[in-house]
Amino acid sequence: MSPFLDLPPLSAAAFAAIEDQVATLLHTTADVIVTQGEALLPLEAAIRGAAHPGSTALNIVTGPYGQTFGNWLRDCGATVVDLAVPFDSAVTAGQVAEALAAHPAIDFVSLVHAEAATGNTNPVAEIAAVVREHGALMMLDAVASVAAEPLLTDAWGIDLCVIGGQKAMGGPAGVSAVSVSERAWERIAANPAAPRRSYLSLLDWKERWTDAGRTVLPHAPAQLEMLALGACLDRIAADGLPTVIARHRAAAAATRAGVRALGTVTPFVPDDAHAAPVATTLRTPAGLSAAGLAADLLRHDPALPVQPGGGALATEMLRVNHYGPAASPETVRATLTALAAALDTDPAAALKAADTAWEAAGHSSE
């Protein structure tokens, strides 16, 4: 008998318990809705629920997902103010404050915490404080940051916080979640254009599930994905969230130190303070294709968590994904060894630098 078939139905109580685990992970007492799809589902649902003609949104663009959010916001009829910074850096709270002062009508702010696609991360706590003072609603894409960086949803005043299980959580890709503050619910309920009787409707979930006492599921859940989400939440709890976060930070620090010792390729995000702990992106010099380098690495070891950058970045950016189970010294060392082979360089100095950086982050590379 296959362990994936003929399972007993997932009960409403079990589904609700997983939602409660997500709330604990997010440090929130707000409603949490676990959505039955990849994280783009609750991201689009949150925007289409909160944005509408007459609203003005500040869309912070530090990578490709910020560009997607801007498109959705415009589709909703909102006036969109884009605050874009180079993809190899982070936005600052000061830049956000200036944008809000220049456009007082802004009532919604969208931000990506960590951009795995470009390897940068943004100072959410400081930015959220500025947004809260302005009085705008804030939506945070924390898909690549949850379990890799501190995420204090209530303390920071995040109204819509979206996560996915497939990165630092080490869980499934086909299920995601969003926490919704009371302010956000009021905004969505007052929006006549908010989706209803739709897969994108957060209000449908609220009325048919949350407000109804979470006793009867509104539809058949994605059972395997929900069980996997529960399992990865259990594992994070057993390891301890601070330990999981520290492991991701150590993996990033070790990768960056090793790459600098190798030479030839350099961190795409030069400032360590702006570097995401889930993925290290590398800039290749002119004449060295990142896509070709990725192919060389995967020929060396098909299990390496590497890929070229997306779109135009495929020629100049290599991405090393050290999240979830790959946030380990073994993965870092294997990646650096393969890089050294592809670049025809001795890996000894890189491996020593990586080990030192890992140990400095409070871990042993043994």
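Odds and ends about this structure:
- When peptides 67-80, 208-221, 43-56 are ranked by their average number of other Cβ atoms within 10 Å per residue, the highest-first order is 43-56, 67-80, 208-221.
- Neighbourhood charge, 12 Å Cβ-Cβ cut-off, centred on residue 81 and excluding it, Lys, Arg +1 and Asp, Glu -1: -2
- In order along the stretch 323-333, the Karplus-derived 3J(HN,Hα) couplings, from 6.51 cos²θ - 1.76 cosθ + 1.60 at θ = phi - 60°, round to 10, x, x, 7, 7, 9, x, 4, 5, 4, 5 Hz, and Gly and Pro are given as x.
- Ranked packing of 280-289, 142-151, most packed first, by mean Cβ within 10 Å: 142-151, 280-289
- Amide hydrogen neighbours beyond the local backbone of residue 120, cut-off 5 Å, H modeled: 115, 276
- Dipole of the chain [Lys/Arg +1, Asp/Glu -1 at C-beta], most positive-end residue of 274, 24, 84: 84
- Residue 319 long-range amide H proximity, modeled H, under 5 Å: 282, 307, 309
- Where labels lie 7 Å past Cα in the beta-carbon direction, separation of residue 330 and residue 315 in nm: 3.9 nm
- Cα gyration tensor shape of the stretch 133-235, rounded if a/c is under 1.5, else prolate or oblate by comparing a/b with b/c: oblate
- For the pair residue 212 and residue 183, a Förster radius of 25 Å applied to the C-beta separation gives a FRET efficiency near 0.70, rounded to the nearest 0.05.
- Remark: spin-label model distance residue 126-residue 155 equals 1.7 nm, labels positioned 7 Å along the Cα→Cβ axis.
- Theoretical ellipticity at 222 nm over the chain - DSSP helices of four or more residues, -39500 (n - 2.57) apiece, nearest 500: -13000 deg cm²/dmol
- Whole-Hz couplings from phi, Karplus 6.51/-1.76/1.60, listed for the stretch 169-180; x for Gly and Pro: 5, x, x, x, 8, x, 8, 8, 7, 9, 9, 10
- Shown in residue order for the stretch 286-292 are the 3J(HN,Hα) couplings computed by the Karplus curve 6.51 cos²θ - 1.76 cosθ + 1.60 at θ = phi - 60°: 4, x, 10, 6, 5, 5, x Hz (x for Gly and Pro).
- √(5λ) per eigenvalue of the Cα gyration tensor, the chain, largest first, Å: 35, 26, 17
- Simple point charges give the picture: +1 on the Cβ of Lys and Arg, -1 on the Cβ of Asp and Glu, and for the stretch 147-271 a dipole about the Cα centre of about 300 debye.
- Accessible surface of the chain, 1.4 Å probe, proportion on carbon and sulfur as whole %: 57 percent
- Long-range amide H partners of residue 165 with built H, under 5 Å: 175
- R0 of 25 Å, Cβ-Cβ distance residue 286-residue 84: FRET efficiency to nearest 0.05: 0.50
- Dipole moment magnitude, nearest 20 debye, the stretch 104-172 about Cα centre, only Lys, Arg, Asp, Glu C-beta charged: 180 debye
- Label-point separation, residue 190 to residue 241 (7 Å along Cα→Cβ), nm: 3.0 nm
- Rolling a 1.4 angstrom probe over the protein heavy atoms with all chains in place gives the stretch 269-345 an accessible area of 41 Å² per residue.
- Charge tally around residue 266: other residues with Cβ under 10 Å, Lys/Arg +1 each, Asp/Glu -1 each, net +3.
- Proximal charge balance of residue 132 [Cβ under 12 Å; K/R count +1, D/E count -1]: -3
- In terms of its C-alpha gyration tensor, the stretch 34-89 has an oblate overall shape, because the principal axis ratio a/c (a ≥ b ≥ c, square roots of the eigenvalues) is not below 1.5 and a/b does not outweigh b/c.
The values are calculated or read from the model by the stated rules, or taken from the named source; none is laboratory data. Just so it is clear, the structure is predicted and the values come from calculations on it, not from any experiment. Note that we place each Cβ from the backbone using ideal geometry, even for glycine, and neighbour counts take in every protein chain shown. These area figures cover heavy atoms from the full protein model, side chains too; ligands, DNA and RNA do not enter into them. Shrake-Rupley method; radii C 1.70, N 1.55, O 1.52, S 1.80 Å.
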